[in-house]
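Please treat every number below as a calculation from the coordinates, not as lab data. On a predicted model such as this, the values are computed, not experimentally measured, just so you know. Positions of Cβ are backbone-derived with ideal geometry, glycine not excepted, and every protein chain shown enters the neighbour counts.
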Amino acid sequence: MKTIEFIKLANKKRLENKNQWVFLNEYVNEIPVAYKAFNTWIQVIKYNGIRSGSTMNQNVSEFKKYLLNIIESNKNNRSSKTMQRQEKLQKEVDESFNACRCDSEWAMCKVSIEKDLEKLGYILTEYRKVQKLNNHI
């Protein structure tokens, strides 16, 4: 779901559960979000590596604005996390290649590495570079 859809859902659940805790676990912009709130007080929201909470006694517009700001200001962290993961995978591939004593040994290792990378959404290019699967042409 998109950010606005999540805000609408959170507000709907708030209205349906006045003076009760509301727990939401959703995917917003393809990123998991965990949320715990009581009325307009967001005790905790976890989204894309951040953990935050709002002030108590917000009015409804402040509640919605808080959610919008938290999600929109952190949704782009995904690209940096993807790059960190890709760099880590590249390092592992390079270490595996350097550990091989000959081309035939690398050829055997390469098959299992490629299978593992594919499960994670990556490929190994002909130049031994790890690349995100949807970027491959």
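Numbers below:
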item	result
Whole-Å semi-axes of the ellipsoid equivalent to the chain (Cα gyration tensor, √5λ, descending)	45, 12, 12
The chain, relative contact order in percent, only Cα pairs under 8 angstrom and at least six apart counted	14 percent
Loop-located GluC sites (Glu not before Pro) in region 28-135 whose Cβ has at most 15 other Cβ within 10 Å (DSSP)	Glu30, Glu126
Dipole magnitude of the chain about its Cα centre (Cβ charges: Lys, Arg +1; Asp, Glu -1), debye to nearest 20	740 debye
Relative contact order (%) - region 3-75, alpha-carbon pairs under 8 angstrom, separation at least six	25 percent
Too-long pairs where the Cα-Cα distance tops 22 Å, listed order kept, from Lys91/Lys119; Lys8/Lys132; Lys46/Lys91; Lys12/Lys36; Lys75/Lys110	Lys8/Lys132; Lys46/Lys91; Lys75/Lys110
Helical mean residue ellipticity (222 nm; -39500 (n - 2.57) per DSSP H run of 4+; nearest 500) of the chain	-17000 deg cm²/dmol
Principal-axis tilt of helix 3-16 within the chain, Cα atoms, nearest 10 degrees	40 degrees
Hits among aspartates and glutamates - C-alpha to C-alpha of Lys65 under 15 Å, sequence gap 8 or more where chains match	Glu5
Alpha carbon convex hull of region 79-135, projected area averaged over orientations, nm²	3.7 nm²
